[in-house]
Every structure is written in C-alpha cells, then in structure tokens.
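Structure record follows, encoded as structure tokens.
The values are calculated or read from the model by the stated rules, or taken from the named source; none is laboratory data. Keep in mind it's a predicted model, so treat the numbers as computed, not measured. Cβ placement follows ideal geometry from the backbone for every residue including glycine, while neighbour counts extend to all protein chains displayed.
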C-alpha cells in the first residue's frame with residue numbers, strides 16, 4: 001500500500017518541503033531508501049524499526065521502499081525519522097488512515113520517544129506558510145513552536161503522534177501558543193535563568209571618550225577599532241556594546257531565533273532572545289567565521305546577525321580569514337555554493353575590533369617599556385592596514401585609567417542613557433529621510449545628505465592636507481560626521497561635527 | 001634619478017675638510033649638487049627608534065639650520081636621521097646624505113622616497129662605495145667618519161648606549177669637529193648615550209642658534225605667526241602642558257568638558273599645530 005506524509009528538512013537556514021512516500025510490496029524484508037538521503041538519513045532505518053516495535057506496533061512485513069521527494073534536494077536531517085515511521089505504519093495498515101493536512105518532523109529514539117532536532121523553527125515556518133493545517137514537532141522544540149505560530153502540537157513519542165494524526169488538524173485542540181510555552185517553562189523551573197544582570201556602561205568610570213565612540217558607532221553602524229595596551233578595558237567596552245543598540249524588532253528576533261535553531265543553540269527561553277554578541281577567538285578558521293561545511297552551517301558572522309561581532313587581537317587573525325569578511329560586510333549576507341546549491345545566510349552585524357598598539361602591547365605606555373624592534377613595529381603596522389582598515393570607520397586609542405582619575409565624583413554615562421542617544425539619532429535620521437545606517441550611504445546619498453557649507457569645506461580642505469588623508473579616509477570621516485550631526489539633531493554637518501569625526505581617524 | 005659623478009681624492013673638487021681626516025676616502029661617488037661639499041654644513045644623527053622628544057628636536061634642528069641656509073648632513077637611517085632631513089625640507093633647506101652602500105642600492109632602501117626628495121630639492125647624496133656595492137655590517141660605521149668629515153659640527157640628538165651615533169661622535173672628535181649632544185632625562189634609555197657624551201666633554205645642545213653662531217654663520221629669523229586660543233582650548237592646552245602629554249581621558253577629566261567637545265577641539269588644535277598627537281597621547285605642538 002502507498003502512503004505520503006508531508007515533512008520538511010532544513011537546508012542552510014531555510015526550511016524546504018519534503019514528501020515521504022512509502023510503499024510496501026512483496027519481497028525479502030528490508031527498507032530501501034531513495035531520494036538523495038545522506039548517511040544520517042540512511043541510518044534512520046535501524047532507529048525506525050526498533051522505535052516502531054518498542055512502541056507496541058506491529059512492524060509491517062515485506063519489502064519497504066521509501067522515496068523522498070523532491071529527488072533533487074539533498075537531505076541531511078534526522079527530522080525525517082518520525083514521518084518515515086508514520087509512513088511505514090500507514091502503508092503497512094497498522095494504524096489505519098492518516099488525515100490530510102499534517103506536517104510532521106522529529107527524530108526517533110530506539111524506545112519510540114521523539115527527540116528534538118536542529119533547525120526546527122525554519123521547518124515549522126515552511127510548513128505553516130505552505131498550508132499545513134497542523135504541524136507535529138518534538139516536545140523538545142516546543143519553545144521554537146511558540147515563535148513560528150500556527151496549529152503546532154508537540155509530541156513525546158510515536159504513540160502520541162499517531163493519536164493526533166488520525167484526526168483532522170482542525171479537530172484537534174490544544175495547539176502551542178506563546179503563553180502556554182511560557183507558562184510551561186516557568187512551571188518546570190524555566191531552564192536557564194531569565195533576566196540575569198547585563199553588564200552596564202555605568203560600571204566603567206573614566207573611558208568617556210570610548211563610550212562616546214561606541215554611541216556614535218552604534219548610531220551609524222560604523223566599524224570601530226580600539227587600540228590600547230592590555231588591560232585598558234577594551235573587552236569590557238565590547239561586551240557592553242550590544243546593550244547600547246535599540247531593542248530588537250520582532251523580525252530581528254525571529255531571524256536570530258532561526259539562526260540559533262539551525263545551529264542547535266536554541267535554548268528553552270528562545271523567546272527571550274537578546275541582541276547577539278559574538279567574540280570568536282583569533283585562532284578561528286574561515287569556515288568558523290563565515291560558515292561552511294559540505295552541508296553549510298552558519299558561522300560567527302551569521303550568529304552575530306543583528307548584533308555585535310567583536311574581533312579581539314585583530315592582528316593575530318589569519319589574513320585570509322579577515323579577507324573573507326569583506327563580502328559579507330558589504331552585502332550583509334554570505335552565500336555558499338555546494339554541489340549545485342546556493343545557501344545564503346544573513347550577516348548584518350556591527351563590527352568591533354580591538355588591537356594592541358604593538359606586538360608586545362606597551363608602545364606609548366608610560367609605565368612599561370615597549371620591547372619591540374623597529375622591524376616588529378613595521379610588520380605590525382602593515383597588518384593593521386589593508387583589508388582590515390577598509391572595514392573600519394572609526395579608531396580610538398585607549399589608555400589605562402589611572403586610579404587618581406577614578407576618585408572624582410564624576411558619574412559616567414550608563415547603557416540606558418547611551419541607548420536613548422542612539423535611538424534619538426536613528427529617529428532623527430528617519431525624519432530626514434534616511435532609513436539605513438550612515439555607514440552604508442552610497443555616493444549619491446552622500447552628496448545629498450553630507451553636503452558641506454563653505455566654511456566646512458574650507459575646514460575639510462585644511463584637515464585633508466594637515467593629516468595627509470586619502471580620499472577613502474575623507475569619505476569615512478564624512479559619514480561619521482553625518483552620524484555625529486544626527487546625534488546632535490542637526491540637519492547640516494557643522495565644523496564641530498567634522499572635527500570630532502576627524503578625531504576618530506587612524507593615527508600613527 | 002641623476003647621473004653619478006666621481007670625485008677623486010686628489011681633485012680640486014674634493015673638499016679639503018674631508019681630505020684632512022685621519023682615514024680619508026679614496027674617491028666620492030656623488031649625485032646632485034657637489035658644490036654643497038664646500039659649504040659649511042652640520043651633521044645631525046641619532047637613534048633609529050626615536051621617541052617623540054627625539055623626533056621633535058631633530059625636526060627643530062633640521063628646520064632651524066635650513067632657515068639659516070646651512071645644509072644638513074645625515075645618513076638616511078630611520079629615526080633621527082630622517083626627521084632632521086624632514087625638518088630641513090620643511091624649511092626648503094638643502095640636504096647632504098651619506099650612504100653606507102653603493103648608489104644602485106638606494107632603490108631597495110626603506111627611505112628611498114626621502115632620497116629622491118633630497119635630489120629633487122637640490123641636495124646631494126655621496127658614497128665612498130662603487131654603485132653596485134651592497135651594504136654590510138662594516139659599511140655603516142665606516143660611512144660615519146664621512147658624515148662628520150663633511151660637517152663643520154655634529155649634533156647627536158638621541159642615542160642609546162650602543163648607538164652607531166656614538167661612533168660618529170667619536171670620529172667627529174678625532175677629526176677635531178665640535179660635538180653637540182642633546183641632553184635628555186637621565187632615566188631615559190634613548191638619551192643615555194647623549195648624556196654620556198656631555199659628561200665626556202661634548203657641548204650640551206640647549207639653544208640651536210648657539211650652534212649656528214659657533215660655526216660662524218648668521219641667524220635668519222623667518223616670520224612666525226602667533227595664534228589665539230579660546231577659553232576651552234586654553235583649558236585643554238593647560239592640561240596637555242601640565243601633564244607633559246595627556247590622553248583624551250585625562251583631558252576630559254581635567255577640564256570637565258564633554259568627550260565630544262574635547263575630541264573636536266583637539267582636531268582643530270592639531271590642524272592649527274598647537275597640539276600634536278603621538279602614540280595615543282596629546283602633546284604640546286612645536287610651533
């Protein structure tokens with residue numbers, strides 16, 4: 001007998017529809033599988049057989065053929081275990097007829113339990129958007145179901161699943177809703193603690209210049225490079241930057257949830273997603289950073305989507321790894337091509353970098369002597385130029401704050417105040433008709449929004465020659481000054497805005 | 001670049017001051033204006049890894065000498081040598097560079113751009129080595145005797161304990177040239193050599209014009225324009241001066257001004273040349 005079950009797999013970060021066709025005919029017992037299954041899918045034969053028998057069903061006799069369509073799509077997911085098992089049961093006549101309109105995903109354990117899968121969220125989204133009346137997911141993925149919306153039901157084992165799908169989707173009540181998921185989580189202790197105290201900029205005293213730079217960078221999404229001796233607080237600043245950005249929109253939250261779902265980082269309070277902050281170590285490889293693999297998975301840049309990517313010790317990174325950032329930074333997405341398929345991952349992030357002033361870290365430090373030779377310094381400077389600096393609009397030098405400077409009664413900016421400034425600047429820009437970030441302004445937009453008055457032009461001419469700037473650094477300074485003017489709620493760029501922007505140029 | 005001419009030890013073009021040193025070169029390969037060899041000139045040498053102090057003093061000395069029309073002799077090394085030449089070029093002065101290798105090797109040097117500028121601005125480059133000669137460990141100390149030999153006086157700006165500049169100073173002393181040394185902090189490793197030179201009898205270089213008078217040249221004063229500071233700029237300048245080099249954070253905490261205002265004022269003051277930033281600190285400018 002023939003059976004057809006709707007399911008989905010996750011390809012890259014997209015859900016793709018798959019039909020599981022099962023046919024049982026006469027012949028030697030066994031399961032044959034076609035339709036580009038990966039090794040992971042082939043192995044499910046053993047799981048399915050044990051799971052069915054251990055759930056108390058009869059395993060149909062005869063030659064079982066399973067076809068996964070579309071045949072051209074490579075399938076690499078254990079989430080097809082459950083639909084295949086159900087398909088075998090239906091076509092073997094063990095459970096009667098399955099009603100139409102169900103989409104099923106889930107991995108099987110040998111004892112018949114249904115286990116969670118990676119990438120459940122994009123699969124659910126696909127099934128919902130493609131007219132599935134009801135969706136069956138593993139209980140472990142219930143939290144993600146709340147984000148997907150629709151008539152979604154979580155099951156713990158095959159029996160629960162079979163009970164549901166013998167009824168039509170409309171007849172079944174008790175779908176997962178956001179409230180139910182939330183309540184259920186609070187009921188059983190709630191997994192990871194929610195609302196742990198985020199570090200605040202208010203804890204950092206005396207780095208007012210750095211805080212100002214972070215505010216500007218976040219307002220215009222300008223790449224920011226911090227140069228300073230070890231221990232001057234670069235990492236502290238970086239860890240707090242995501243907090244300065246505006247709260248995530250619903251769409252951004254969903255995008256972040258999808259990426260986490262695919263990379264298996266979906267925790268139980270996925271609804272509580274904050275702006276991501278990623279700080280990969282400098283030993284990371286290309287695939288780790290931009291994603292890769294024969295079935296491509298997202299890398300750090302995609303995990304940092306809509307958040308902050310912090311590259312500490314930027315000069316220690318492999319040059320090719322940094323070079324690979326060029327395209328995603330420009331296009332805000334990265335596409336991998338594997339075996340005739342294109343996998344596109346989003347990568348729209350705020351880039352933040354930190355470097356020591358020299359290899360030993362103490363060049364220009366008052367207390368410690370720099371032990372680097374001239375050749376060391378030259379090599380280091382060369383590393384700091386080129387592909388890295390193309391990505392950076394702003395540079396600041398940071399110095400350790402002396403204890404005596406900390407004793408004043410000055411209270412510095414807090415994260416909340418900085419975030420309010422950023423939001424005000426973004427709102428002002430929108431009022432002026434600019435909806436993107438200032439770092440993305442193209443030439444035409446720049447001539448419209450960054451036009452300078454006569455005095456300002458004269459000032460920039462003087463600056464251009466005094467600081468021996470290049471056309472590129474000029475453009476960068478202009479973009480940054482546009483953001484500073486936004487923070488000042490000024491439609492025109494004035495000399496003080498330009499002067500401040502120039503202070504963030506890369507200096508010797 | 002220009003053609004290379006050869007001046008033999010015995011020709012009239014060969015400067016007497018160089019012929020009379022203990023171990024004169026047999027010939028000089030020259031590129032540029034050879035008449036500079038007969039003018040009174042001053043050698044300025046010092047550490048490759050100069051501090052901002054050394055850099056500023058070297059530029060000051062180079063500029064001041066150039067303003068009085070005195071060619072600056074140096075060895076085209078990184079650091080003080082280059083800075084003194086840059087200072088002289090700023091004031092449109094003439095340079096004399098002495099190479100520690102043959103002239104064909106110039107293009108492989110890190111300082112090739114400066115060498116080109118030297119010729120373009122009417123300066124002179126000399127070497128005792130044939131054009132195809134490579135640099136070696138021995139050639140650099142050897143050329144130091146020519147630097148001091150051409151010069152009427154020698155200024156050592158910054159030198160560590162083992163600096164090659166000390167060899168030049170010794171040559172100069174042996175050749176009967178006056179040696180000036182720029183004093184530095186006694187706990188600064190880059191001023192150790194110059195301070196020792198002073199202990200051993202070199203003249204401490206305190207006022208640059210003294211040196212110009214001593215070699216019998218006249219001092220020329222170019223017009224220097226003053227600058228006015230507003231109240232906030234004055235506060236910032238005060239903070240920079242009292243701390244002798246301040247970070248932005250220190251200025252912000254000293255003056256009580258906002259980070260954005262301090263950043264923009266510093267840029268304006270940098271353009272005016274009132275302050276200068278170097279390795280993360282803001283210093284009082286030279287002008």
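Residues are listed down the side, and each one gets a yes or a no for (1) surrounded by fewer than 24 Cβ atoms within 10 Å (Cβ to Cβ); (2) under 18 Å from residue B:17 (Cα atoms); (3) within 16 Å of the chain's Cα centre (by Cα):
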| position | (1), (2), (3) |
| --- | --- |
| B:69 | yes, no, yes |
| B:77 | yes, no, yes |
| B:84 | no, no, yes |
| B:91 | yes, no, yes |
| B:101 | yes, no, no |
| B:105 | yes, no, no |
| B:110 | yes, no, no |
| B:132 | yes, no, no |
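Those residues that are more than 30 Å from the chain's Cα centre (by Cα) and exposed (fewer than 13 other Cβ atoms within 10 Å of the Cβ), I need them from the stretch A:379-402; list them, please. Even if it seems obvious, please write down each step before you answer.
Keep residues of the stretch A:379-402 that are more than 30 Å from the chain's Cα centre (by Cα), which gives A:379-382, A:399-402.
Scanning the stretch A:379-402 gives A:381, A:382.
Kindly indicate whether any position in the stretch B:100-110 is under 28 Å from residue B:278 (Cα atoms) and in contact with a helix residue (DSSP H, G or I) (Cβ under 9 Å, 6 or more places away or on another chain).
For the stretch B:100-110, residues under 28 Å from residue B:278 (Cα atoms) and in contact with a helix residue (DSSP H, G or I) (Cβ under 9 Å, 6 or more places away or on another chain): present.
Which number in (1) closer than 23 Å to residue B:93 by Cα; (2) within 11 Å of another protein chain (Cβ to nearest Cβ); (3) crowded, with 18+ Cβ neighbours inside 10 Å marks the one condition that residue B:273 misses?
(3)
If you take the residues in the stretch A:354-368 that are part of a loop (DSSP other than H, G, I, E, B) and in contact with a strand residue (DSSP E or B) (Cβ under 8 Å, 6 or more places away or on another chain), which one is farthest from residue B:188 (Cα to Cα)?
The qualifying residue farthest from residue B:188 (Cα to Cα) is A:356.
Considering only residues that are facing another protein chain (nearest Cβ under 10 Å) and not in a helix (DSSP H, G or I), look in the stretch A:466-491 and name the one that is farthest from the chain's Cα centre (by Cα).
Looking at the filtered set, the residue picked out is A:467.
Has the stretch B:241-248 got any residue that is surrounded by 12 or more Cβ atoms within 10 Å (Cβ to Cβ), touching a residue at least 40 places away in the same chain (Cβ under 8 Å) and more than 14 Å from chain A (Cβ to nearest Cβ)?
Yes: the stretch B:241-248 contains one or more residues that are surrounded by 12 or more Cβ atoms within 10 Å (Cβ to Cβ), touching a residue at least 40 places away in the same chain (Cβ under 8 Å) and more than 14 Å from chain A (Cβ to nearest Cβ).
Could you list, ordered by first residue, the pairs with Cβ atoms under 9 Å in which the first is in the stretch A:196-207 and in the same structural domain as residue A:232 (by TED's automatic domain parsing) and the second is at pLDDT 85 or above and surrounded by 11 or more Cβ atoms within 10 Å (Cβ to Cβ), at least 6 apart or interchain?
Pairs that qualify, where the first residue is in the same structural domain as residue A:232 (by TED's automatic domain parsing) and the partner is at pLDDT 85 or above and surrounded by 11 or more Cβ atoms within 10 Å (Cβ to Cβ): there are none.
Identify the single condition in (1) within 14 Å of chain B (Cβ to nearest Cβ); (2) at pLDDT 90 or above; (3) not in a helix (DSSP H, G or I) that residue A:463 does not satisfy, given that it satisfies every other one.
Unmet for residue A:463, out of (1) within 14 Å of chain B (Cβ to nearest Cβ); (2) at pLDDT 90 or above; (3) not in a helix (DSSP H, G or I): (3).
What residue, of A:357, A:328, is touching a helix residue (DSSP H, G or I) at 6+ places or on another chain (Cβ under 6 Å) and closer than 25 Å to residue A:396 by Cα?
So the residue among A:357, A:328 that is touching a helix residue (DSSP H, G or I) at 6+ places or on another chain (Cβ under 6 Å) and closer than 25 Å to residue A:396 by Cα is A:328.
Looking at A:416, A:494, can you tell me which residue is surrounded by fewer than 21 Cβ atoms within 10 Å (Cβ to Cβ) and more than 14 Å from chain B (Cβ to nearest Cβ)?
Only one candidate qualifies: A:416.
Can you pull out the strands (runs of 3 or more DSSP E) entirely within the stretch B:80-185 that have at least 1 residues that are in contact (Cβ under 8 Å) with a residue 40 or more places away in the chain?
Details: elements: B:95-98, B:124-127, B:153-156, B:178-181.
Counting at least 1 such residues, we get B:95-98, B:124-127, B:153-156.
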